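Enquirer: Here it is, the structure, as structure tokens.
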Amino acid sequence: MAAKLLLDQGYEVAGLTMSIWDGSIPITGSVKSGCFGPGEKDDLASAQAIAAKLGIPHHIIDLSKQYKDDILGYFCSTYLAGKTPNPCVFCNQRMKFGLLPLKAREAGIEFDHYATGHYVRTRFNPNSGKWELLRAADLSKDQSYFLVFLAQERLSSALFPLGAMHKQETKALAISLGFPELALKKESQDFLETDDHSVLFDTGSFRSGDIVDPAGKVIGKHHGLIHYTIGQRKNLGISGQSEPYYVTGIDQIKNRLFVGPKPLLYSDILKATSASWIAGEPPDTSFSAQCKIRLQHDPAPCEVKITDAGSFSVRFREPQLSITPGQIAVVYDGDIVLGGGIILDGS
């Protein structure tokens, strides 16, 4: 629908899809819709069919090696470090808005603008002379969280035709224009086509270890730290507690998993590193804003303090649940995305 809207606005449009699946990972049967898995074959065929229906050329760029080295490498190394990765944020920065347009140009595909179907908006601010990234009109489908690491160079040529629309409007438009298959197609909202991400890891790269309660008592065994994240309650394999226990901490060095009651998950401060600011720099050394600590989290009022060129701290006005090292903290000023970074810790 993004391509159709651009065609209707008079643009000359070509379709571009990256191929990232090389069959080397043992995902033998897809159990859900996802970006990485053997189901890519059907996705590529669908993209080609839609391009043909629109009457536009379509190009497939093979990025499977780079994806495996960069995104899967990042995913595995982050888990092995006792943190929780966010592959979608880095895939957008490094692959979709990085290598894909770069390799397309190298293949002789020329273009002035680079458009996607992300639900976000952009605008040029004449006062600052900078491009701004804004949340979508449909906040329930907003994807600005995933694009926080885009720089000015990318935003200046990016088009997001769906950003001002609501998802139901997009579906209704698809049906009215003779594309009912798009409105009915299941959304891909997962990284893998399997629930078992251990298939990405080398045998022996993780091992079982102790599960420890708040008093320091060993109350069970975990099956490898890659299977756990802060705030997790299910599949802990512990029982007999007086109240529900959650994962409250991960010690990669000693291979221990800390668990405890829900109140231990709340914190009003986080530290972030690898900071990236949409304007190229933060608005000030300290400022009021809102911060989102995962996709399904409403931006919460906070105070942001720049601690050095690549780091910042956030103090929330109210304690937040499950601030998770490795995840992305995104800072907003209302609908405007200011920037973000990788959560170092939440204490």
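Enquirer: Within the stretch 47-57, can one find any residue that is closer than 27 Å to F149 by Cα and of a type outside the set (A, V, I, L, M)?
Expert: First pass over the stretch 47-57, keeping only residues closer than 27 Å to F149 by Cα: 47.
Cutting the leftovers down to of a type outside the set (A, V, I, L, M) gives us none.
The answer is no; no qualifying residue exists.
Enquirer: Something else now. Mind checking which residues of the stretch 280-293 are outside any strand (DSSP E or B) and either assigned by TED's automatic domain parsing to the domain that holds K130 or surrounded by fewer than 20 Cβ atoms within 10 Å (Cβ to Cβ) (or both)? Quick ask: steps written out before the conclusion?
Expert: Taking the stretch 280-293 as the starting set, the residues that turn out to be outside any strand (DSSP E or B) are 280-285, 293.
Within the stretch 280-293, G280, E281, P283, D284, T285 meet the criteria.
Enquirer: Okay, next question. Pick from the stretch 209-229 the residues that are part of a loop (DSSP other than H, G, I, E, B) and without any contact (Cβ under 8 Å) to a residue 24 or more places away in the chain: which of them is nearest to F75 (Cα to Cα)?
Expert: We begin by selecting, within the stretch 209-229, every residue part of a loop (DSSP other than H, G, I, E, B); these are 213-217, 223-224, 228-229.
Keeping just the survivors that are without any contact (Cβ under 8 Å) to a residue 24 or more places away in the chain gives 215-217, 223.
Details: A215: 32, G216: 30, K217: 31, H223: 18 Å.
Only one residue fits best here, namely H223.
Enquirer: Same structure again: Would you be able to say whether some residue in the stretch 215-222 is closer than 29 Å to I25 by Cα and surrounded by fewer than 16 Cβ atoms within 10 Å (Cβ to Cβ)?
Expert: Yes, because at least one residue in the stretch 215-222 is closer than 29 Å to I25 by Cα and surrounded by fewer than 16 Cβ atoms within 10 Å (Cβ to Cβ).
Enquirer: Could you please find all residues in the stretch 187-207 being exposed (fewer than 13 other Cβ atoms within 10 Å of the Cβ) and over 30 Å from K171 (Cα atoms)?
Expert: D196, V199, D202, T203, G204, R207
Enquirer: Looking at (1) surrounded by 16 or more Cβ atoms within 10 Å (Cβ to Cβ); (2) basic (K, R); (3) modelled with pLDDT under 95, find the lone condition where R256 falls short.
Expert: (3)
Enquirer: Working carefully through the options A272, A329, find the one that is under 15 Å from F146 (Cα atoms), in contact (Cβ under 8 Å) with a residue 24 or more places away in the chain, buried (at least 19 other Cβ atoms within 10 Å of the Cβ) and within 20 Å of the chain's Cα centre (by Cα).
Expert: Answer to the selection: A329.
Enquirer: Let me ask you something else. Which residues, counting only those in the stretch 168-195, are in contact with a helix residue (DSSP H, G or I) (Cβ under 9 Å, 6 or more places away or on another chain), in a loop (DSSP other than H, G, I, E, B) and under 24 Å from K234 (Cα atoms)?
Expert: Across the stretch 168-195, the qualifying residues are S188, F191, E193.
Enquirer: Among the listed residues Y266, Y245, which satisfies the condition of being of a type in the set (F, W, Y) and free of Cβ contacts under 8 Å to residues at least 40 places away in the same chain? Give the steps one after another, and end with the answer.
Expert: Numbers: Y266 fails: free of Cβ contacts under 8 Å to residues at least 40 places away in the same chain.
Exactly one of Y266, Y245 is of a type in the set (F, W, Y) and free of Cβ contacts under 8 Å to residues at least 40 places away in the same chain, namely Y245.
Enquirer: For residues that are in contact with a Ser or Thr (Cβ under 7 Å, 6 or more places away or on another chain) and in a loop (DSSP other than H, G, I, E, B), scanning just the stretch 230-247, find the one that is surrounded by the most Cβ atoms within 10 Å (Cβ to Cβ).
Expert: Out of the qualifying residues, it is I230.
Enquirer: Just the residues that are closer than 18 Å to E281 by Cβ and in a loop (DSSP other than H, G, I, E, B), please, taken from the stretch 296-347.
Expert: Residues satisfying the conditions are A309, G310.
Enquirer: So, in the stretch 131-175, how many residues would count as being in contact with a His (Cβ under 9 Å, 6 or more places away or on another chain) and more than 15 Å from Q93 (Cα to Cα)?
Expert: Count: 9.
Enquirer: Return the pair list, or none, for Cβ contacts closer than 6 Å from residues in the stretch 43-58 that are in contact (Cβ under 8 Å) with a residue 12 or more places away in the chain and closer than 17 Å to L100 by Cβ to residues that are in a helix (DSSP H, G or I) and not charged (D, E, K, R), at least 6 apart or on different chains.
Expert: Close Cβ pairs (under 6 Å, with a partner that is in a helix (DSSP H, G or I) and not charged (D, E, K, R)) amount to H58/Q48; H58/A51.
The values are calculated or read from the model by the stated rules, or taken from the named source; none is laboratory data. No experiment lies behind these values; they were computed from the predicted model shown. Glycine gets a Cβ as well: all are built from the backbone with ideal geometry, and neighbour counts include every protein chain shown.
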